[in-house]
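Student: To start, I am sharing the structure in question, which I have written as structure tokens.
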Amino acid sequence: MAHLLVAGPSIGAEPIQPPEGGKESVAFGPAGKLRVHEKEVGAEGDWKAMEDAPVGKAFHLTFNKGKVKEAKDVQLMVPLKRGVRKGDVMLISFWIRRPGAGGEPGPVSLYLQQGGGRKRHAYMFSAYRAWQQHVKAFESPSDFDPGKGNVGFHLGTAGPEIEIGDLRLINFGTEMKVEDLPESAISYRGREVDADWRQKALERIERIRKGDLTIKVLDVDGEPVKGAKVKVEMQRHAFQFGNTVRSAILGATEDKLPFTKDIDGNQVRVSYEDVEKYRQIVKDYCSAVTFESSLRPHAWKLANGKNPGWQERFRVFTQEAVPWLQEQGIDIRGHYIAWGAIDYNPMEKQFVGDPKGHRKWLWEHMADVLPRTNGFVNEWDTLNHIVAWGKHTYEIEYGGLDIYVDVMKEARRLAPDARHAVNEGKVLPDGYKREPYKRIIRYLNEHGQAPDVVGFMAHFDQTSLTPPEELLQVYDDFAEIAPRLQLSEFDVEVGDDESLQADYYRDVMIASFSHPNFVGIVQWGFWENAHWKPHAALWRADWSLKPVGKVFVDLVRNQWWTRESATTNESGECSIRGFLGSYEITVDYDDQVATAELSLTRDGSSQVIRLK
């Protein structure tokens, strides 16, 4: 029986207590023989007493995350004190947190293992700044011997500081069933199959995302043709469905493949087949892409410097990736011009306390990057993390919000053909930046620099699955001051609970697509091997679709896609109702075939096709 928790600011207020009757199979405590395996990252661990915590003591582990290449570079192994047989029903329970971490999750892998070719049990999850209890029941996949088998945590990508407390591995043998044991599980309000909010949203989509299309077929003499077969095939959505891409993969050429690249701490081998699949997904499902790092100020400076490696990256970006996207008719989003926390990245840290110097640097950067990209960047995250955090935001350093007005004005002068967006996180998940974000947007509006698009970074995780009805209310609130809204960095990361991920992803997509002020949904990755949060990916490393990926494909290319066939009446006409976007129309009559292209708008569209 699962212990359901509704996602919110804090999770697991009531600890889950394992039932009696099982046998404790690990000794986790100061007297236990814990082993830390580390790959030259300076990992150190010791026991610490905890205050105001769900555990009295915790094993505290620190290491230099900057040197980590893979999650397995830092491992904590807890040996078995009692043997486990294949088929034994096991329950594992522990508490974990990442003190000092930001809001981002830290991916962790846990294994019941021994080596020697024995099949191991794996549990993938994420650790956060706050304490969380994890309780999972499973059947042992192999025999594991005392002293040789262990519970192993792979922690390299979750550092640099981790605390684990009250680890228990309980063996219930064959006397219990997995489904009879408690488990920690997370859900959210509005997930129900028959949720009222979802039905209303789907009905709204039918009204606002579709238009009426009328086709009239005439013969060579201009007379109506009855009985002509008309095929209507959508080509691209008017609504912007996009994703983030990595230019090193998108622009890779066959002569440079395969290559191995460090992607977010993991060594990833990319083959020509990977590149082909990567491009095909972008071509099939994206009308816009955001380059994840190629246009950030530090990358732009390095790429235009004298380092041969960075020069090659710039060549791949500008001469391979960008032209390919332009050939496909895919819009390009630039990320970013200004980042609202001056002390966040190395290039701007030097200007803490020196707004004049910072302004000079920023204006020089804009004067360089914007004219040179104006031919291919359709939209910029001009003001990214505009609310920001800490003691050195633009607003604090400059003594007010006029700096944002000035940046927007200068960016528009230098890149007049691009749309200029603002972007912020912790607005949809967590929610504590909603009012500060609205305050700055109002200021921009009042000073003649209203954003073309207001973006929401939508990085949802186990602790922040905002109910869909609340999302819709937030959208309504922002729509009063911003006519064009979008999800600018969307992903859902909930560990290995693929059902929860798919359900919540579906509901965010439905809620956002159903809102009349939304113009786009841009995700922040799709392939596990090139995703900043691998658990959030839609496609696995082997390119198989996860449940969440199946939801995505079904929504954008099935439920929200139009493929229709009709036959003309005595007036030579037929009508359909389709999703807004571009279409190809094919008419077939008496061995004559004619085609036409058109755009279907909310006001409706019509097309006359004359047979020759």
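Student: Within region 167-183, track down each residue that is crowded, with 18+ Cβ neighbours inside 10 Å and either acidic (Asp, Glu) or within 30 Å of GLY604 (Cβ to Cβ) (or both). Even if it seems obvious, please write down each step before you answer.
Tutor: Restricting attention to region 167-183, the residues satisfying the condition of being crowded, with 18+ Cβ neighbours inside 10 Å are 167, 169-172, 176, 181, 183.
Once the filter is applied, which keeps residues that are crowded, with 18+ Cβ neighbours inside 10 Å and either acidic (Asp, Glu) or within 30 Å of GLY604 (Cβ to Cβ) (or both), region 167-183 yields only GLU183.
Student: State which residue is modelled with the lowest pLDDT when the search covers only region 184-209 and only residues that are under 30 Å from PRO54 (Cα atoms) and either open to solvent by 50 Å² or more (accessible area, probe 1.4 Å) or polar (S, T, N, Q) (or both). Let's see the steps before the verdict.
Tutor: Initial filter on region 184-209 (under 30 Å from PRO54 (Cα atoms)): 184-191.
Narrowing further to those that are either open to solvent by 50 Å² or more (accessible area, probe 1.4 Å) or polar (S, T, N, Q) (or both): 184, 187, 189, 191.
Working: SER184: 87, SER187: 90, ARG189: 93, ARG191: 96.
Selected residue: SER184.
Student: Here's another thing I want to ask about it. Which ones in region 593-612 are over 38 Å from the mean Cα position of the chain (by Cα) and either surrounded by 14 or more Cβ atoms within 10 Å (Cβ to Cβ) or of a type in the set (Phe, Trp, Tyr) (or both)?
Tutor: Across region 593-612, the qualifying residues are ALA594, GLN607, ILE609, ARG610, LEU611.
Student: Something else now. Can you spot a residue in region 62-73 that is closer than 30 Å to GLU179 by Cβ, part of a loop (DSSP other than H, G, I, E, B) and touching a residue at least 24 places away in the same chain (Cβ under 8 Å)?
Tutor: No, the conditions are met nowhere in region 62-73.
Student: Continuing with the same structure: Report yes if some residue within region 103-120 is surrounded by 15 or more Cβ atoms within 10 Å (Cβ to Cβ), outside any strand (DSSP E or B), among the aliphatic types (A, V, I, L, M) and modelled with pLDDT under 95; otherwise report no.
Tutor: no
Student: OK, next. In region 31-50, how many are at pLDDT 90 or above and assigned to a strand (DSSP E or B)?
Tutor: Residues meeting the conditions: 9.
Student: Just checking, how many residues over region 455-493 are assigned to a strand (DSSP E or B) and either at pLDDT below 95 or not acidic (Asp, Glu) (or both)?
Tutor: Narrowing region 455-493 to residues assigned to a strand (DSSP E or B): 455-461, 485-493.
Narrowing the set further to residues that are either at pLDDT below 95 or not acidic (Asp, Glu) (or both) leaves 455-461, 485-488, 490, 492-493.
Residues in region 455-493 being assigned to a strand (DSSP E or B) and either at pLDDT below 95 or not acidic (Asp, Glu) (or both): 14 in total.
Student: Touching a strand residue (DSSP E or B) at 6+ places or on another chain (Cβ under 8 Å), part of a strand (DSSP E or B) and either open to solvent by 20 Å² or more (accessible area, probe 1.4 Å) or acidic (Asp, Glu) (or both): is that true of SER565 in this structure?
Tutor: So SER565 passes the test.
Student: Within region 346-367, can you find the residues that are without any contact (Cβ under 8 Å) to a residue 12 or more places away in the chain and open to solvent by 60 Å² or more (accessible area, probe 1.4 Å)?
Tutor: Result: LYS349, GLN350, ASP354, LYS356, LYS360, GLU364.
Student: Please determine whether any residue of region 87-95 is closer than 24 Å to GLN462 by Cβ and either open to solvent by 80 Å² or more (accessible area, probe 1.4 Å) or of a type in the set (S, T, N, Q) (or both).
Tutor: Our first condition is that a residue be closer than 24 Å to GLN462 by Cβ; within region 87-95, this holds for 90-95.
Filter once more, so that each one left must be either open to solvent by 80 Å² or more (accessible area, probe 1.4 Å) or of a type in the set (S, T, N, Q) (or both): 93.
So far as region 87-95 goes, yes, one or more of its residues are closer than 24 Å to GLN462 by Cβ and either open to solvent by 80 Å² or more (accessible area, probe 1.4 Å) or of a type in the set (S, T, N, Q) (or both).
Student: Looking at region 127-166, which of the residues that are within 23 Å of the chain's Cα centre (by Cα) and within 18 Å of ASP73 (Cβ to Cβ) is most open to solvent (accessible area, probe 1.4 Å)?
Tutor: To start, the set of residues in region 127-166 that are within 23 Å of the chain's Cα centre (by Cα) comprises 127-130, 132, 154-160.
Add one more test, that the residue is within 18 Å of ASP73 (Cβ to Cβ), and what stays is 127, 154-160.
Details: ALA127: 1, HIS154: 21, LEU155: 1, GLY156: 0, THR157: 26, ALA158: 1, GLY159: 4, PRO160: 67 Å².
If we take residues in region 127-166 being within 23 Å of the chain's Cα centre (by Cα) and within 18 Å of ASP73 (Cβ to Cβ), then PRO160 is most open to solvent (accessible area, probe 1.4 Å).
Student: Something else now. Which residue out of PHE138, PHE94 is under 25 Å from GLN17 (Cα atoms), of a type in the set (A, V, I, L, M, F, W, C) and in contact (Cβ under 8 Å) with a residue 60 or more places away in the chain?
Tutor: So the residue among PHE138, PHE94 that is under 25 Å from GLN17 (Cα atoms), of a type in the set (A, V, I, L, M, F, W, C) and in contact (Cβ under 8 Å) with a residue 60 or more places away in the chain is PHE94.
For every residue, the table says whether it meets (1) part of a helix (DSSP H, G or I); (2) open to solvent by 40 Å² or more (accessible area, probe 1.4 Å); (3) polar (S, T, N, Q).
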{"residue": "ALA502", "(1), (2), (3)": "yes, no, no"}
{"residue": "ALA511", "(1), (2), (3)": "yes, no, no"}
{"residue": "VAL522", "(1), (2), (3)": "no, no, no"}
{"residue": "LYS550", "(1), (2), (3)": "yes, yes, no"}
{"residue": "LEU555", "(1), (2), (3)": "yes, no, no"}
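Student: Of the conditions (1) open to solvent by less than 10 Å² (accessible area, probe 1.4 Å); (2) over 30 Å from VAL108 (Cβ atoms), ASN423 fails just one. Which one is it?
Tutor: (2) is the only condition that ASN423 fails.
Student: Something else: Mind checking which residues of region 21-69 are open to solvent by less than 40 Å² (accessible area, probe 1.4 Å) and within 27 Å of ASN529 (Cα to Cα)?
Tutor: Listed by number, the residues that qualify are VAL41, ALA43, LEU61, PHE63, VAL68.
Student: Between residues in region 393-407 that are small (Gly, Ala, Ser) and residues that are assigned to a helix (DSSP H, G or I), which pairs lie under 8 Å by C-beta distance while being six or more apart or on different chains?
Tutor: As it stands, the answer is GLY399/PRO355, since those pairs meet every condition given.
Student: Filter region 568-592 for residues that are open to solvent by 60 Å² or more (accessible area, probe 1.4 Å) and farther than 19 Å from GLU223 by Cβ and give the result.
Tutor: Selection gives SER575, ARG577, GLU584.
The values are calculated or read from the model by the stated rules, or taken from the named source; none is laboratory data. Bear in mind that the values here come from a model prediction, so they are computed numbers and not experimental data. A quick note on method: Cβ atoms are made from the backbone with ideal geometry, for glycine too, and the neighbour counts reach across all protein chains shown. Each accessible area value is taken on the protein alone, full model and side chains, heavy atoms only, with ligands, DNA and RNA left out. Shrake-Rupley method; radii C 1.70, N 1.55, O 1.52, S 1.80 Å.
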